[in-house]
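Below is one structure, written out as structure tokens; comments come after it.
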Amino acid sequence: MNYHLKYWRHYFISHSRHGTHSPFVYKLVDEVIYQQDEADAIANLPLGIRERGRVEQKKYLLVDRILKAFAYDQFAYLAEAPTADYEKLLKDRTGSYSTRKIYYIDQAHLDLKLLTYVAERDMLIVNEPHLSVEREDYWNKLRDDDRVVVTVDLYRIGLVYFRKGQHKENFLIRF
């Protein structure tokens, strides 16, 4: 199916924050995903991100808000064509106050071996999980894996959480 047609399908079947029944996901959507960006953040976007258009700017600002909301002390940047702006963002937000690792994935050909290294508090950010058939297959395998507890599909970005004690759920959120 065409990428843009899949987007419209996602848009019509996805929910807003009010369609979620998980307190964790409701709070994530309300306080991070739907949070308005300050004018300074928009004005200070890296040139490489600004040149890529509005969609890339929106994704970059979302990743920035996610990194601010979830403290982490390590990251892995897995990309076929690394973008210096995202790598710098990950480095700048790294702190020494948490035992969480964030994986930023921007590759088409990955397997689930990565999940053997993931701990309970870790998080995966999957860039463009619906861009190609390979990426969509990987996203579906991640979503269906028993180790993954919560997935949030924003269409252009997928968030994967490993939270013990929570019921396995997959959310389609309008972004």
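Things to note:
- Tabulated pairs, segment 74-85, first in contact (Cβ under 8 Å) with a residue 60 or more places away in the chain, second among the basic types (Lys, Arg) and assigned to a strand (DSSP E or B), C-beta under 9 angstrom, 6+ apart or interchain: none
- Any hit, segment 154-165, residues being basic (Lys, Arg) and either at pLDDT 95 or above or within 13 Å of the chain's Cα centre (by Cα) (or both): yes
- Candidates 69, 81, 41 - the one that is more than 21 Å from residue 131 (Cα to Cα) and at pLDDT below 90: 41
- Take the conditions (1) modelled with pLDDT of 95 or more; (2) touching a Lys or Arg at 6+ places or on another chain (Cβ under 9 Å); residue 104 misses just one of them, which is (2).
Residue-by-condition table, conditions (1) more than 27 Å from residue 172 (Cα to Cα); (2) exposed (fewer than 15 other Cβ atoms within 10 Å of the Cβ); (3) free of Cβ contacts under 8 Å to residues at least 60 places away in the same chain:
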| site | (1), (2), (3) |
| --- | --- |
| 12 | no, yes, yes |
| 22 | no, no, no |
| 46 | yes, no, yes |
| 49 | no, no, yes |
| 54 | no, yes, yes |
| 65 | no, no, yes |
| 101 | no, no, yes |
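The values are calculated or read from the model by the stated rules, or taken from the named source; none is laboratory data. If you're wondering where the values come from, they're calculated on a predicted model, not measured in any experiment. Because the Cβ atoms are built from the backbone with ideal geometry, glycine has one as well, and the counts that use them run over all protein chains shown.
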